[in-house]
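J.: Supplied in structure tokens, the structure appears directly below.
Derivation of every value follows stated rules applied to the coordinates shown; laboratory data play no part. Keep in mind the model is a prediction, meaning the values are calculated, not measured. Methodologically, a virtual Cβ is constructed for each residue, glycine included, from the backbone with ideal geometry; neighbour enumeration extends over all protein chains shown.
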Amino acid sequence: MKANCWEGKKKVRVEQVPDPKILNSRDAIVRITSTAICGSDLHLYNGFIPTMEKGDILGHEFMGEVVETGPGLKNHLRIGDRVVVPFPISCGTCYSCQRGLFSVCENTNPNAWLAEKMFGHATAGIFGYSHLTGGYAGGQAEFARVPFADVGPIKVPEELSDEQVLFLSDIFPTGYMGAEMCDIEPGAVIAVWGSGPVGQFAIASAKLLGAERVIAIDRFDYRLRMAVEKAGATDAINYEQVSVLEALKELTGGRGPDACIDAVGMEAHGHPAIYAYDRTKQALMLETDRPIALREAIMACRNGGTVSVIGVYGGFIDKFPMGSLMNRSITIKTGQCHVQRYMRPLLERVQRGEIDPSFVITHTLRLDEAPQGYDMFLHKEDECVKVVLKP
Amino acid sequence: MATELATRADAVGYDDFRSTDPGREHGNGGAKHNGRRQSDSDERLARVLGWFSIGLGLGEIAAPGKLAELIGVENKPGLFRLMGLREIGSGVAILSQSWPAGGVWSRVAGDALDLALLSTQLAPKNPQRGKTIAATVALLGVTALDLFTSKRLSEQSRGTSAPAGARRGLRVKEAITVNRPVGEVYDYWHDFQNLPRFMTHLESVQVLGPKRSHWVAVGPGGMRVEWDAETVEDRTNELISWRSLPGGDVETSGWLRFKPAPGRRGTEIVVEMRYDPPGGVLGATLAKLFGEAPDQIVARDLRAFKNVMEVGEVLHSDASIHRRPHPARPPENDSDAGRQAGYRSTGR
């Protein structure tokens, strides 16, 4: 089959690789009909996530048709079922899964010992996302092997297009969890750093959950335009033109937003001097992540408010404003999305027409064009927000 | 156990998970007690030295002039302050407990440097030569104390301190919680023939009698090793300990403790294994270079055991079915795939 493989920093290539096989009894093989490039794939592309190996198949947002099932699946899935696959691989029976903490499943990361060295305790396996998360082949391919296919994938109705349901695999639930962690009450004002695909869904979800005002923050006007016109943001701040902290004070009567969502993560940009500081430290390996958005989100948040972190971080950060966080009673909530928790309720919202997730798609390419897709997404060319690949 | 898990036969201890004191592990009460007391006094001495370092360091930074006068040398504030920083660094390293032996060794190195500096001031032209000689003698005393303490701490961390006798080999301790009742977890492990299902390097275990079993493992580089083992202690739902019998290819011993986890979270397992690796410690170091570190192997095997108990089989990724590092993609041909890749599937 054809698959998009990581070949090194800023180098991906579509290669001919062997077809996947059933390795465990509850595996299914899915013939992929649609897959996408995620913002977090860019962290791999840029070489900021350790434990990648040359030849790893990338991709963790995918859907398709079940073509093969392992003997342990019984009647949960049948050949021909059309499914969306969540990015975390979860067993459904461990202590964490039973509590809905699917992205920290205790049984799906064969490299748990490695993750323990890095993080203290291990996380779940993730498709196509380094060997720290298990070394699973990803979904930017013609086929993928899906372990615990009776726990993760959900069947989707024929009347919905791939484009409408594909993002249930990651970015829609991730944005939704980001908004949910804000404990939105009537009248709430939510600020969202980053208007990439996850930021768009965080904005849309904050609206769905009843926020009165949602403020989008980014440096690209075309993305801010999408946030206002499509996702439902009430205000937009371009941080290259105005000071975010000042603008937020003005927009919130000096209080600060009730909750702040960091939908940016480890490769933030910001004020040129601060960016240069963090980029240099990152290059010298003095810090692994650039927490520019996170610092600002904490400083901006109102007293007693919540900072919800859904942007991906990999390691260590510097100049973390712990004093602001502690003295002002701010709560931080975070986590890789427990996608399995949200797929069904969000599918129902799509079916009811409350949201059409396809609004973020700006480009649809063939799988063969994946390298151009990565390059375009990274450099924000042609007003790129989300790239969908068709195998 | 697998080759890497082999441990020496003479030491089986399981009364204290937190103990890192080799003196405690030995059967006879007197040695055990002495060992404990000995290591406590070494650590106390190290702490005194740590605080001494910090005190002296602060003095050197705050009042270099006074200090210079006291020991009868020329006042060079910059040099004194640098030495002060070094002292504080050593002190923090000792007291932070992360690596006390290293901290005290850094004191020894510092002592050597200080002695060298002082010796330059011992020339007859120094009008305060008497004070400098006194300072040098005092420093020699401190150096001796530092050397003594650091040697003892290093021996302890290598597990070769005097009361423990001449003990070689490596030791691995790991813990995991399995979300199944204690009885079930104990029973599964207790049937040693189950162990090769989740222990990567174990080929087979054959039960020879109520206490005896025969083990076959494949070590690093495909080396096959065999040994007989006996169960030393077996308390239902609590503990299993074992050791290898003379005449096998490896010497190994270990224990495994089961305990119900609080909050009905299943069973807590602590395992400790000792072994003399084939090729000795050098062999183990080489093996580590090839990704075969014993703590990794035990951690991975325990996780695989959890897999078997909680989901019925060891879960594999496209990379983990291979013994060597492999990209996250399906294998090129069937023979590359691991032992698990043999399912009959439906479709295609």
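J.: For region A:172-334, calculate the relative contact order in percent as a whole number, restricting contacts to Cα pairs under 8 Å that are 6 or more residues apart. Present the calculation step by step, with values, prior to reporting the outcome.
T.: Working: 363 pairs, mean separation 35.5, N = 163.
Computed over region A:172-334, the figure is 22 percent.
J.: Here is a follow-up. Relative to the longest principal axis of chain A, what angle (0 to 90°, nearest 10) does the C-alpha long axis of helix A:171-180 take?
T.: Orientation of helix A:171-180: about 40 degrees from the principal axis.
J.: Right, here's the next one. Taking only DSSP H segments of four or more residues, each worth -39500 (n - 2.57), what value at 222 nm results for chain A once the sum is divided by all its residues, to the nearest 500 deg cm²/dmol?
T.: Values: 13 runs with 108 residues, N = 391.
Calculated mean residue ellipticity at 222 nm is -7500 deg cm²/dmol.
J.: Ok, one more. In whole percent, what relative contact order does chain A give with Cα contacts below 8 Å and a gap of six or more residues?
T.: Relative contact order here is 17 percent.
J.: By a straight-distance test (C-alpha under 16 Å), which lysines pair with residue A:386 as possible cross-link partners, with residues fewer than eight away in the same chain excluded?
T.: A:230
J.: Let me ask something additional. Using the Karplus curve 6.51 cos²θ - 1.76 cosθ + 1.60 with θ = phi - 60°, what ³J(HN,Hα) values do you get for each residue of region A:309-314, in whole Hz, with x for Gly and Pro?
T.: Per residue, the Karplus-derived 3J(HN,Hα) values read 10, 10, x, 7, 10, x Hz.
J.: Here's another thing I want to ask about it. Count the net charge of all other residues whose Cβ sits under 9 Å from the Cβ of residue A:377, scoring Lys and Arg as +1 and Asp and Glu as -1. Mind dumping the intermediate values first?
T.: Details: positive: A:380, A:386; negative: A:41, A:375, A:381.
Around residue A:377, the surrounding residues sum to -1.
J.: Something else about it: Given Cβ point charges of +1 (Lys, Arg) and -1 (Asp, Glu) and nothing else, what value in debye, to the nearest 20, does the dipole of region A:140-273 about its Cα centre take? The partial results should precede the final answer.
T.: Numbers: 10 positive and 21 negative charges, 46 e Å.
Result for region A:140-273 is approximately 220 debye, rounded to the nearest 20.
J.: What average count of beta carbons from other chains do you get within 10 Å of the Cβ of residues in A:22-32? Could the numbers behind the result be given before it?
T.: Values: counts 9, 15, 12, 7, 5, 4, 3, 3, 0, 1, 0.
Average neighbour count from other chains, rounded to a whole number: 5.
J.: Show the residues, 5+ positions off or on another chain, whose built amide H is closer than 5 Å to the amide H of residue B:245.
T.: Those lying under 5 Å, H to H, from residue B:245 are B:228, B:229, B:230.
J.: Of A:167, A:148, how do they rank once you tally other Cβ atoms within 10 Å and put the fewest first? Write down the numbers at each step before the final one.
T.: On the way: A:167 31, A:148 27.
Final ranking by Cβ density, sparse to dense: A:148, A:167.
J.: While we're here: Would you mind checking which residues have amide H under 5 Å from residue A:211's amide H? H placed 1.01 Å from N; only 5 or more apart, or other chain.
T.: It is none; the list stays empty.
J.: Quick one: net charge around residue B:76, please, counting Lys, Arg +1 and Asp, Glu -1 for every other residue with C-beta under 14 Å from its C-beta. Before the final figure, lay out each step's value.
T.: Numbers: positive: B:66, B:81; negative: B:60, B:69, B:74, B:114.
Overall, the nearby charge balance is -2.
J.: Measure nothing but the geometry: give the 0 to 90° angle between the long axis through the Cα atoms of A:272-283 and the longest principal axis through the Cα atoms of chain A, rounded to 10°.
T.: Roughly 40 degrees between the two axes.
J.: Related question: Report the FRET efficiency, 1/(1 + (r/R0)^6), for residue B:332 and residue A:79, where r is their Cβ-Cβ distance and R0 is 30 Å, rounded to 0.05. Working shown, then result.
T.: On the way: r = 26 Å, r/R0 = 0.88.
Result of the calculation: an efficiency of 0.70.
J.: So which lysines can residue B:76 reach, going by Cα to Cα under 20 Å and dropping same-chain residues fewer than 8 places off?
T.: B:66, B:125, B:131
J.: Give me the inter-chain shielding for A:128-135: mean count of other chain Cβ atoms within 10 Å, whole number please.
T.: On the way: counts 3, 1, 1, 7, 0, 2, 7, 12.
Mean number of neighbouring Cβ atoms from other chains: 4.
J.: Say the cut-off is 31 Å between C-alpha atoms; which of B:173/B:211; A:319/B:173; A:54/A:155; A:9/A:249; A:10/A:155 go over it?
T.: Those over the limit are A:319/B:173; A:54/A:155; A:9/A:249; A:10/A:155.
J.: Can you compute the label reach from residue A:65? Point 7 Å from Cα along the Cβ direction, backbone N cut-off under 18 Å, restricted to region A:150-179.
T.: Only A:154-166 fall inside the zone, counting backbone N under 18 Å.
J.: On to the next question. Sort B:96, B:150 by Cβ crowding within 10 Å, fewest neighbours at the top.
T.: Details: B:96 11, B:150 24.
By the 10 Å Cβ count, ascending: B:96, B:150.
J.: With chain A treated as a Gaussian network of Cα nodes joined by springs under 10 Å, which of A:273, A:36, A:149 yields the largest mean-square fluctuation?
T.: Of the options given, A:273 has the highest mean-square fluctuation.
J.: So for the pair residue B:204, residue B:116, with labels modelled 7 Å out along Cα→Cβ, what separation do we get in nm?
T.: Going by the 7 Å Cα→Cβ label model, 6.2 nm.
J.: Under 19 Å Cα to Cα from residue A:21, which lysines show up? Leave out anything in the same chain fewer than 8 places away.
T.: Hits, sequence-local ones excluded: A:2, A:74.
J.: Could you tally the net charge around residue A:224, taking each other residue with its Cβ under 12 Å from the Cβ of residue A:224, Lys/Arg +1 and Asp/Glu -1?
T.: On the way: positive: A:219, A:223, A:225, A:230; negative: A:218, A:221, A:229, A:235, A:240, A:383.
Once all neighbours under 12 Å are counted, the net charge is -2.
J.: Here's a follow-up. Compute, for the protein assembly as shown, the length of the dipole vector about the Cα centre, with Cβ point charges of +1 (Lys, Arg) and -1 (Asp, Glu) only. Units Debye, rounded to 20.
T.: Working: 85 positive and 90 negative charges, 362 e Å.
With only Lys, Arg, Asp and Glu charged at Cβ, the dipole is about 1740 debye.
J.: Separation of region B:45-118 and region A:25-73 by C-alpha centroid, Å?
T.: If you average the Cα positions of each part, the centres end up 55 Å apart.
J.: Quote the relative contact order of region A:250-364 in percent (integer), defining contacts as alpha-carbon pairs under 8 Å separated by 6+ residues.
T.: Details: 158 pairs, mean separation 30.0, N = 115.
The normalised contact order for region A:250-364 reaches 26 percent.
J.: Quick check for you: which residues of region A:208-252 have the amide N under 14 Å from the point 7 Å beyond the Cα of residue A:328 toward its beta carbon?
T.: Under 14 Å, as judged by backbone N against the label point of residue A:328, lie A:244-252 of region A:208-252.
J.: Additional query: Set the Förster radius R0 to 35 Å, insert the Cβ-Cβ distance between residue B:212 and residue A:118 as r into 1/(1 + (r/R0)^6), and round the FRET efficiency to 0.05. List each step's numbers first, then the result.
T.: Working: r = 42 Å, r/R0 = 1.19.
So, using R0 = 35 Å, E works out to roughly 0.25.
J.: When the chain is fully extended, how far beyond the present Cα-Cα distance does residue B:138 get from residue B:197, taking 0.36 nm per residue of separation? Spell out each step's value before the answer.
T.: On the way: separation 59, 0.36 × 59 = 21.24 nm, distance 6.24 nm.
Stretched out fully, the residue B:138 to residue B:197 stretch lengthens by 15.0 nm.
J.: Quote the FRET efficiency, to the nearest 0.05, computed for residue A:274 versus residue B:187 with a Förster distance R0 of 56 Å and r equal to the Cβ-Cβ distance.
T.: Numbers: r = 59 Å, r/R0 = 1.05.
Calculated transfer efficiency: 0.40.
J.: State the Cα centre-to-centre distance between region A:322-391 and region B:297-324 in whole Å.
T.: 31 Å
J.: Please sort by residue number the GluC sites (Glu not before Pro) in region A:89-162 whose DSSP state is loop and whose Cβ has at most 15 other Cβ atoms within 10 Å. Intermediate values should be presented prior to the final figure.
T.: On the way: sites: A:106, A:116, A:142, A:158, A:159; in loops: A:106, A:142, A:158, A:159.
Counting only loop positions with at most 15 other Cβ atoms within 10 Å, the GluC sites (Glu not before Pro) in region A:89-162 are A:158, A:159.
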